Each structure stands twice: as C-alpha cells, then as structure tokens.
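Heads up: the structure comes next, in structure tokens.
Every read-out reported here was derived from the displayed coordinates using simple, explicitly stated rules and does not represent laboratory data. Please read these numbers as outputs of a predicted model, since none were measured by experiment. Every residue, glycine among them, receives a Cβ derived from its backbone with ideal geometry; neighbour counts consider all protein chains shown.
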Amino acid sequence: MELYVDSANITEITHAASLGIIRGVTTNPSLLAKEDPTVDVKQRILDIYKTVGGHLSVEVNSTDTDGMLREADDILSWFPEATIKIPMIPTGLAAVKELSRREIPTNVTLIFTPTQALAAAAAGATYVSVFLGRLDDMGQDSIQVMRDVTEIWDTNGLESLIIAASIRHPIHLLECAKLGADIATTPYKVLMQSLKHPLTDSGLQAFLNDYEKMKAEKEKHAKGGQ
Ligand code: G3P
C-alpha cells in the first residue's frame, strides 16, 4: 500500500516528502481553505507538485457535468499532470466517463459504500476514494466497507486503484494495508503518529547513554595511560 499525504500545507508536505515515505498528495477545497482562504490555489498546487511529484489530485468545484469538464480542462491547461478529483454524484460519473474516454486520470471522491465504488469503477475512474473516518464518526464500521470493496475488487478483477481516505489514526492504515487497499491518503499528523513508538524513543535514549558512558570510560583510560 502506497502512502499519500492528505494536505495542502507546504511545510507538512515538504517534511513528509523528505522522509521518502509518500508517493503523492491529495487536496480538497476544505484542506485548501483551512490553510488560508485567500490562498492562490494554482500556485499552491504547482508548489506541492514541485515538492513531491508523483500523484496529485485536484478537485473540481462544479456539480454539473459540463462545469466539471470545463474545470478539468482549465486545471489541465496549467497543470497537465493533474489527477482530476470528481465527487461521487451521477453528474460526476458522466464527467468521469468522458475524462476516461480522453485517458485523463480521475479520482472519484466521497465514496461511502461498496456500490458507489463499483459505479465509479464502471464509469472508468482511475482511483476510487473510500472514506473511512466520516463513516466511523456516524457509528458505521468503515473497515467492513473497505473489506467489502477489496473483496469485490478481487472477485471481479477491477482495475481502478483503491484509495483509503478520511484516515483518522494508524489503525486505519494497518487495517487497509491488510485488506489490500492500493493507497492510503493520510493526514500529516497520522503519518507522524504511525512512525512513533515509546519503546523506540526509550531504546534510542538507552543506546545514546551507553555510548556516552563508553566514550567517557575510553577517554579516562586514554588519559590514565599517558
Ligand atoms: O481528502 C479527502 C478525505 O481524506 C478527507 O478526510 O478527515 O475530512 O474526513 P476528512
């Protein structure tokens, strides 16, 4: 399972990229607005791409098919490598069908059920983004939804890549990796949490202390021998 960072924050993205652990970035209007409602979206997207390369999903803001297609054309005019992120609504599926005909990569977002994922794949989506955390928030078992989606994919040999989205904690990452999701787009905070363990920190501290002790002993002996 590849890791993407789900963020529009350049500092976070730059740090995650410097660790070598991410292969792409997903953004959405809420993440961009959280950064700064007056952000120059084009510039921010291009800056993110310069930092990470790889996959970068850019979301449209229209809800009608023609509007989505116009926006996709506009995005591709200044950022030809974009993956166009389209909401999981019927007009969005029609846009995905057309973009797929033109071999433009698409990421269908806001998928909450296996049948929505199946429809997005049927329309030709390159990626299907299955949201986990928002389901858990309302008392539904998001891991069961992901289990159903991955089983349907295996049984039917579907080619769209499955993105686990709306990740809230490292257990989501663990379960999605076990189930065979292709990608998990993960908030920076959760990425960092997934790297940490208190025994790693205390173990490292013990190694450093013992190294310092050894060094001091050697220096003492060296002085005594003079
Ligand atoms: O990018 C889409 C998704 O990952 C958003 O997650 O935390 O707003 O539910 P969240």
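I need the fraction of alpha carbon pairs in the stretch 1-119 separated by more than 18 Å, rounded to a whole percent.
Across the stretch 1-119, Cα pairs with separations above 18 Å total 52 percent.
Just to check I understand the Karplus step: with θ = phi - 60° and J = 6.51 cos²θ - 1.76 cosθ + 1.60, what whole-Hz values come out for the stretch 28-45, glycine and proline as x?
Running phi through 6.51 cos²θ - 1.76 cosθ + 1.60 with θ = phi - 60° gives 8, x, 5, 5, 5, 5, 5, 5, 4, x, 9, 4, 7, 4, 4, 4, 5, 4 Hz.
Just to be sure I follow: if Rg is taken over the C-alpha atoms of the stretch 67-163 and Rh is the Kirkwood radius over the same atoms, what is Rg/Rh?
1.00
Return the inverse of the average 1/r over all pairs of distinct C-alpha atoms in the stretch 116-226, which is the Kirkwood hydrodynamic radius, in Å to one decimal.
Across the stretch 116-226, the inverse of the average 1/r is 17.2 Å.
Pick from ALA33, ALA82, ALA216: which residue has the top mean-square fluctuation in a GNM of the chain where Cα pairs under 10 Å get a spring?
Its mean-square fluctuation being the largest, the pick is ALA216.
Pairs to check: LYS50/LYS97; LYS50/LYS178; LYS34/LYS85; LYS42/LYS189; LYS42/LYS97. Give those whose C-alpha atoms are more than 27 Å from each other in this structure.
Flagged as over cut-off: LYS50/LYS97; LYS50/LYS178.
Using alpha carbons only, how many angstrom separate the centre of the stretch 115-165 from the centre of the stretch 179-209?
Cα centres, the stretch 115-165 to the stretch 179-209: 26 Å.
With no solvent and one point per C-alpha, what does the Debye sum give as log10 I(q)/I(0) for the chain at q = 0.08, 0.12 Å⁻¹?
The computed values of log10 I(q)/I(0) come out as -0.36, -0.67.
What's the Kirkwood radius of the stretch 168-226 in Å, using all Cα pairs?
When all Cα pairs of the stretch 168-226 are included, the Kirkwood radius is 14.9 Å.
What is the magnitude of the charge dipole of the stretch 69-126 about its Cα centre, with +1 placed on the Cβ of each Lys and Arg, -1 on the Cβ of each Asp and Glu, and no other charges, expressed in debye to the nearest 20?
My answer is approximately 180 debye.
Counting other beta carbons within 10 Å of each Cβ, put ASP141, ASP6, ASP47 in order, fewest first.
ASP141, ASP47, ASP6
Pull up the cross-link candidates among the aspartates and glutamates for LYS213, meaning alpha carbon to alpha carbon under 19 Å and not fewer than 8 places away within one chain.
Result set, ordered by chain and number: ASP201.
Counting helices only, and only those DSSP H runs with n ≥ 4, report the 222 nm mean residue ellipticity of the chain as the sum of -39,500 (n - 2.57) divided by its residues, in deg cm²/dmol to the nearest 500.
Computed ellipticity for the chain at 222 nm equals -17500 deg cm²/dmol.
Mind checking the full-extension length gain between VAL41 and MET214? Use 0.36 nm per residue of separation minus the Cα-Cα distance, one decimal, nm.
Additional length available on full extension: 56.9 nm.
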